[in-house]
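**Student:** Mind looking over this structure? Questions follow.
The values are calculated or read from the model by the stated rules, or taken from the named source; none is laboratory data. Treat the numbers as computed from the prediction; the structure is a model and nothing was measured. Here Cβ is always computed from backbone atoms with ideal geometry, including for glycine, and neighbour counts include all displayed protein chains. Quick note on the areas: whole protein, heavy atoms, side chains included, nothing else; ligands and nucleic acids left out. Shrake-Rupley method; radii C 1.70, N 1.55, O 1.52, S 1.80 Å.
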Amino acid sequence: MLHISGAWQRAARGAGLLSPDGDLTPTIFAEITAAAVRHDAVNLGQGFPDEDGPSEVLDAALTAIRSGVNQYPPGRGMPVLREAVADHQHRFYGVDLDPDREVLVTAGATEALTAAILALLDGSDDEVVVFEPFYDSYAAAVALAGARLVPVPLRWPGLEPDVDDLRTAVTDRTRIILVNDPHNPTGTMFSAEVREEIVRLAHLHDALIVTDEVYEHLVMSGSHTPIATLPGAAERTLTISSGGKTFRTTGWKVGWISGPADLVDAVLAVKQYLTYVNGAPFQPAIAVGLGLPDRYFEDLAATQRERRDLLGAGLVAAGFEVSTPAGSYFTVADVRSMLAEGEDAADFCRALPERVGVAAIPVTAFVTPGHRAEYATLVRFASCKRTDVIAEAARRLAASAR
């Protein structure tokens with residue numbers, strides 16, 4: 001690998017997976033998951049559920065498979081799902097979309113993000129403003145496109161963006177403002193002031209807005225407001241979401257991107273040469289999910305709220321300072337009270353599965369190398385597991401403090 005040149009090096013370096021010697025290193029997720037298995041720890045590291053989604057959605061997939069929906073779907077996605085996405089956006093947010101021109105089905109939100117970034121960036125003169133810490137694929141995709149990542153810090157303990165920092169970050173070189181709301185890994189939800197400033201700055205500097213809204217139905221405090229609904233935002237905003245988190249089907253990898261037809265066409269021009277298409281029998285099943293009654297989405301949020309609170313209580317009992325998330329699967333805690341001299345959150349997380357029987361991810365896995373020190377004591381815990389699993393993790397964490 002040391003002597004193989006190519007764009008893979010940019011992607012790996014952007015994601016922080018290339019050592020100074022040029023070696024490709026495993027992700028912290030793989031490392032921590034392996035430790036969790038080795039020590040039979042409760043794995044609160046990776047953000048995927050440990051239970052299946054609603055029976056209506058699962059049964060719809062089985063019906064589609066048995067009915068012969070097993071070949072390539074249309075390149076833009078099956079009409080039934082594109083129509084369901086358009087109906088969902090109108091039902092929940094009052095957004096009107098043309099399902100034939102303004103919705104594109106993708107292999108999960110990650111492909112939608114990567115295709116959008118590759119489609120809309122044009123090299124080293126372009127910049128992408130992100131809110132740091134950030135989902136790790138953002139940096140890899142921006143690096144692969146040859147562009148520059150410009151982070152706006154979410155500082156402890158509030159973990160909310162400062163509008164002055166945002167104004168400094170967005171310039172005439174900004175091509176994309178990338179917004180993840182509800183936010184992974186912090187669970188932050190952006191204020192109306194921040195959302196409005198993003199739109200104002202995008203107009204001022206002629207930037208595009210790409211939003212990652214996969215946690216839109218996992219909101220425990222307040223309500224989700226897509227940036228595309230703000231005045232002046234729709235014409236320059238691409239909105240991304242998926243069925244994985246909402247319907248507990250992360251392995252199906254069914255996502256979508258929506259927005260102005262010309263922007264969606266640009267993304268399609270790249271996306272069709274990545275996966276081309278995916279998940280034919282899963283697409284009508286996710287369409288069924290998007291049409292479920294309001295009660296399903298309300299119960300989903302209520303269950304996540306219960307689990308968030310249970311985990312938070314365990315973290316507090318363990319002596320950690322906790323930032324209570326408003327949305328997403330994740331809770332961030334400051335673990336400095338349990339760090340030995342010279343130890344940081346990454347060291348803590350590597351030892352935690354054996355020492356306590358719980359696995360978690362250091363927030364430094366989601367930041368640029370130059371800012372690691374600012375997040376060196378913060379750890380992300382996932383609360384998307386069954387209530388009994390969360391309760392056991394909370395018990396172990398609390399017992400470790402005694």
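**Student:** What share of Cα pairs, in percent, lie more than 36 angstrom apart in the chain?
**Tutor:** 22 percent
**Student:** How far apart, in nm, are the 7 Å Cα→Cβ label points at residue 336 and residue 162?
**Tutor:** Distance between the two pseudo-spin positions: 1.7 nm.
**Student:** Sorted by average packing, counted as other Cβ atoms within 10 angstrom per residue and highest first, what order do 269-275, 384-390, 345-351, 68-74 take?
**Tutor:** 345-351, 384-390, 269-275, 68-74
**Student:** First check a/c for segment 1-124, with a ≥ b ≥ c the square roots of the eigenvalues of its C-alpha gyration tensor; if it is under 1.5, answer rounded, and if not, answer prolate when a/b is larger than b/c or oblate otherwise.
**Tutor:** oblate
**Student:** Something else about it: Between residue 270 and residue 193, take the C-beta separation as r, use R0 = 25 Å, and let me know the FRET efficiency to the nearest 0.05.
**Tutor:** Efficiency, rounded to the nearest 0.05: 0.15.
**Student:** At 0.36 nm per residue, minus the direct Cα-Cα distance, what do residue 354 and residue 313 gain on full extension? Give it in nm, one decimal, please.
**Tutor:** Between residue 354 and residue 313, full extension yields 12.6 nm more.
**Student:** To continue, here is another question. With a Förster radius of 30 Å, plug the Cβ-Cβ distance of residue 17 and residue 392 into 1/(1 + (r/R0)^6) and report the FRET value to the nearest 0.05.
**Tutor:** On the way: r = 32 Å, r/R0 = 1.06.
E(calc), rounded to 0.05, equals 0.40.
**Student:** So how much slack lies between residue 261 and residue 52, counting 0.36 nm per residue of separation and subtracting their Cα-Cα distance, in nm?
**Tutor:** Working: separation 209, 0.36 × 209 = 75.24 nm, distance 3.45 nm.
Between residue 261 and residue 52, full extension yields 71.8 nm more.
**Student:** Could you please put 17, 218 in sequence from largest to smallest accessible area, using a 1.4 Å probe?
**Tutor:** Order by accessible area, largest first: 17, 218.
**Student:** Shifting gears a bit: As a test question: what accessible area, to the nearest 10 Å², does residue 374 have when a 1.4 Å probe is rolled over all protein chains in place?
**Tutor:** The value for residue 374 is about 110 Å².
**Student:** Mind ordering 4-16, 197-209 by average Cβ neighbours within 10 Å, highest first?
**Tutor:** The most tightly packed comes first, giving 197-209, 4-16.
**Student:** Could you tell me which of rounded, prolate or oblate describes segment 118-180, using a ≥ b ≥ c as the square roots of the eigenvalues of the alpha-carbon gyration tensor, with rounded for a/c under 1.5 and, failing that, prolate when a/b is larger than b/c and oblate otherwise?
**Tutor:** Since a/c reaches 1.5 but b/c is at least a/b, the shape of segment 118-180 is classed as oblate.
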